[in-house]
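First comes the structure, then the notes that go with it.
Quick note: the coordinates plus some simple rules give every number you see, no bench work behind them. Here the structure is a predicted model, which is why all the values come from computation and not from measurement. Note that each Cβ is placed from the backbone with ideal geometry, even for glycine, and that neighbours are counted across all protein chains shown.
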Amino acid sequence: MNRKQLKSLSALSLLCLLPACVPTGAAGLPIAMLAMEAADGMGMIDDIDAVPEVEKNPALLNHPALADPRFSAYQAQLIERHAVFSADPESALSTAGALDCDLAEEAEWLILQQMTREQYEEAMRSEHYLLSVDSLNAKLLEGDCVDGWPEGEFVAAGNMVTSQHVAGNGQTTIRSERRRVDGTMNGGRLIGQLSVEGQMVMQTTGQTGRVTYTSLSLADYGEGQEFSDSLSITYASMPGVYESVSTTVIETVSPGVQTARSYQGEMLASEWTLRDGEMHGWMITHPMETVVGHTTAGQRTCYQYGKLAADAACAGSAQTSSFQAPGLLPAIQQAAAVR
């Protein structure tokens, strides 16, 4: 995931603050993590253990019906892989038998996060909390090692630990994430299909509950394409509190322009567009019945090149100078009616 895409997804998380709302990023990064950080930083979640017991919509546990045959095939692959992964995640994420290859730090970051450390820290910077990277390590399991970089097809695995410190309430959240990555690298660039599967555990000081996210994704890096088309699925679990499934689809519609759709279970949750990896135009959140008997309000928010903007800047931007974003016009009309 490019740093601009990650920053855009971080912005999206501010509009998605329910525990059941867990869209994912292009490389399988759970936005639920970002959403809960944002809510926590703004004092909206003081104690996850105190989340009231409500009846969640069972549709949150289903997968959406995807019309595009390419993404539907990706979805089927990821659902099948999830079943295998869940049966023995320790084996899938193990670095046992790693090759004798001392990966460069830049290579480790590109493998596990698809960006540099500087790009990650810049993308994750927030006024609500301080995020520090405690450790990041990757091991090459299969492939050729050339001067500390994979060359050609490769398989790697590794882990990352980060700490989020919230000044407002003094809480610290530790995130421990492990990933397995299958892909191809050429001259220090990812090309072709990239497959990522992993698990992240999030634990906050002073709270007994912890959230576990299992994420799987498939991404396509076309020739000379900086931003990948992708489908990712995240399964979120806090035993006794909530379980949910989220899906995010990102598709290139013209050079430098992508559309994105996020689903909570089988329900379409949000749609937005990206220009050069940054949110640009309307970001639509759809009404959803996340809790039985309660439907969230729809909303539209205007972005211009990754920054919040006045609605007037997005007037008529379901169609921009270069593309018509499929599905966004009716979404805008629907959201406008409930705003």
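General remarks:
- Test: residue in the stretch 187-208 that is assigned to a loop (DSSP other than H, G, I, E, B) and in contact with a helix residue (DSSP H, G or I) (Cβ under 7 Å, 6 or more places away or on another chain): yes
- Restricting 197, 243, 266 to those that are under 21 Å from residue 67 (Cα atoms), out of contact with any Cys (no Cβ under 7 Å at 6 or more places or on another chain) and of a type outside the set (A, V, I, L, M, F, W, C) reduces the list to 266.
- Residue in the stretch 149-163 that is under 16 Å from the mean Cα position of the chain (by Cα), under 28 Å from residue 265 (Cα atoms) and in contact (Cβ under 8 Å) with a residue 60 or more places away in the chain present: no
- Residue 306 being surrounded by 14 or more Cβ atoms within 10 Å (Cβ to Cβ) and either within 21 Å of residue 124 (Cα to Cα) or of a type in the set (S, T, N, Q) (or both): yes
- Exactly one residue out of 110, 130 is aliphatic (A, V, I, L, M) and surrounded by fewer than 16 Cβ atoms within 10 Å (Cβ to Cβ), and it is 130.
- Residue match in the stretch 144-155 (condition: over 23 Å from residue 239 (Cα atoms), out of contact with any Lys or Arg (no Cβ under 8 Å at 6 or more places or on another chain), of a type in the set (A, V, I, L, M, F, W, C) and not in a strand (DSSP E or B)): no
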